[in-house]
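Notes follow the structure.
Any read-out appearing in this document is the output of simple, stated calculations on the displayed coordinates, not a laboratory observation. Since we're looking at a predicted model, the values are computed, not measured. Note that we place each Cβ from the backbone using ideal geometry, even for glycine, and neighbour counts take in every protein chain shown.
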């Protein structure tokens, strides 16, 4: 499966968005796994890379959501094996925890459009360094994480310090939704639990989330493209190691 990227999905509406476009450009296929409904996860070391998407679950709810324990084991195996790994939102939190960092409720929820400023390390990163210095990105999260030991913080913001990080040369984690498009924003706002999650915002702030989502998402795509293209090339250019049997 050297031309196939494994994707862990937690809810149907958390799609790949612009990540899928980058994978197609790199001529990579996708194996999508809905982890809450899967008893045994595929071994990520048999694939060209691993992508872990977002979701409403929390990493510290592992006993309530046992499939998260399986994902953490798979992530550790992929990272140790040198696989290209990308985590988005919950996926980023899972990577952080797999690397030994604490995940916990943030002091302030981030839902809507916010700037995430690139750090000096981010500017020098071969993938993230190709993005703008302070793009406006889409956020929908209430949890955050400590920066894992040995990781490089790539982006930061006032309400949530750890917005993106890299570990080694093949592992990337982004707290925000760089992949989202206008259709996904509309779909997320239609979800049954969305109104309750947005209740802490003012009416004006709630309206702002969907305002000019087409233009905002087009600008976001210009930010996302070089980063996701770089990750796709990372997957396409690497031959996964053989997995020992036994």
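Out of the range 95-151, which residues are out of contact with any helix residue (DSSP H, G or I) (no Cβ under 6 Å at 6 or more places or on another chain), under 25 Å from residue 71 (Cα atoms) and in a loop (DSSP other than H, G, I, E, B)?
99, 100, 101, 102, 146, 147, 149, 150, 151
For the range 32-54, give me each residue that is over 21 Å from residue 233 (Cβ atoms) and crowded, with 22+ Cβ neighbours inside 10 Å.
The answer is 54, and nothing else.
Note down all Cβ pairs under 7 Å where the first residue falls in the range 201-216 and is under 16 Å from residue 109 (Cα atoms), the second is assigned to a helix (DSSP H, G or I), and they're at least six residues apart or on different chains.
What qualifies is 209/189.
Please tell me if residue 86 is touching a helix residue (DSSP H, G or I) at 6+ places or on another chain (Cβ under 9 Å) and not in a helix (DSSP H, G or I).
yes
Name the residue, out of 6, 50, 16, that is part of a loop (DSSP other than H, G, I, E, B), within 14 Å of the chain's Cα centre (by Cα), closer than 20 Å to residue 177 by Cα and touching a residue at least 40 places away in the same chain (Cβ under 8 Å).
The unique qualifying residue is 16.
Quick one: in the range 163-194, of everything that is without any contact (Cβ under 8 Å) to a residue 60 or more places away in the chain and in contact with a strand residue (DSSP E or B) (Cβ under 6 Å, 6 or more places away or on another chain), which residue is surrounded by the fewest Cβ atoms within 10 Å (Cβ to Cβ)?
At the first step, the residues of the range 163-194 found to be without any contact (Cβ under 8 Å) to a residue 60 or more places away in the chain are 163, 166, 169, 182-183, 185-186, 189-190, 192, 194.
Now restrict to residues that are in contact with a strand residue (DSSP E or B) (Cβ under 6 Å, 6 or more places away or on another chain): 163, 166.
Working: 163: 27, 166: 20.
Looking at residues that are without any contact (Cβ under 8 Å) to a residue 60 or more places away in the chain and in contact with a strand residue (DSSP E or B) (Cβ under 6 Å, 6 or more places away or on another chain), I get 166.
Please tell me if residue 69 is farther than 27 Å from residue 223 by Cβ, in a helix (DSSP H, G or I) and free of Cβ contacts under 8 Å to residues at least 12 places away in the same chain.
Yes, satisfied.
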